[in-house]
Structure formats: structure tokens, C-alpha cells
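Before any comments, here is the structure.
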Amino acid sequence: MLSDVELAKLKKILTGNEDLAPIFRILSDPTRCNIFRAFLPAKRLCVTDIVNLFSISMSSASQHLKTLEQGEMLRRERVGREIYYFPSDKNKIVNAIKRVVQS
């Protein structure tokens, strides 16, 4: 989960009336939140990477990634036989979180 410092920075960056409830609902699951945070320094990961990082089953990793993708926090791209996920650059809230964590 985001630290207090990260949350404070995020609040400063976010302006407007974006509906934060769906994003925070998605990130309220600790495993899913940690999976999302793993993408910030890594840029892109596949399901196998998530399974190995968090010692969870393939189906659990797939479900978490699906939820993050449906919430428009992640996008996916097929490269050969692998499907890679990466943070959505079209989501203003995701971009704000990336700026906060990377600063």
C-alpha cells in the first residue's frame, strides 16, 4: 500500500473531480496493491513474473491482473507467446501514482 508520504504527494498531484473510489477499491486488496506497485519500477511483467514474485498460483495472478486491467490501471500486449502487462499511460490517476512513487 502507499505510504503516508506517497499519499500526500499524490493528493497534491491530483486535481479535478476524478472518481477515486474505483481505483482505491481495486487497490484495497493488499496482494493486488503490491502487484500494481511491482509494475512501477519494472515497467512490464508477465503472469509468470507475478507468480514468482509473490508466490501465488497462476490463476490467482491472472485474476488480480484481470481486475487491474478492467480498472484501466494496466494494459496488456502480446509478445510472441507471452502476454505482458504494463501500467496504463491513459489513466490520469495511474500516471499520478507513477510520478509520486518515482520521485
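Each value in this text was obtained by applying a stated rule to the coordinates, not by laboratory testing. In this text, all values refer to a predicted model and were calculated from it rather than measured experimentally. Don't worry about glycine lacking a Cβ; one is built from the backbone with ideal geometry, like all the others, and counts go over all protein chains shown.
Using C-alpha pairs below 8 Å separated by at least 6 residues, the relative contact order for the chain is 30 percent. Placing a label point 7 Å from the Cα of residue 29 along the Cα-to-Cβ line, the residues of region 52-76 whose backbone N sits under 14 Å from it are 56-74.
Put in order of Cβ neighbour count within 10 Å, fewest first, the listed residues 31, 67 become 31, 67.
With the convex hull drawn over the C-alpha atoms of the chain, the volume per residue is 97 Å³. Taking a straight line from the alpha carbon of residue 11, these aspartates and glutamates sit under 18 Å away, with near neighbours fewer than eight places off in the same chain left out: 19.
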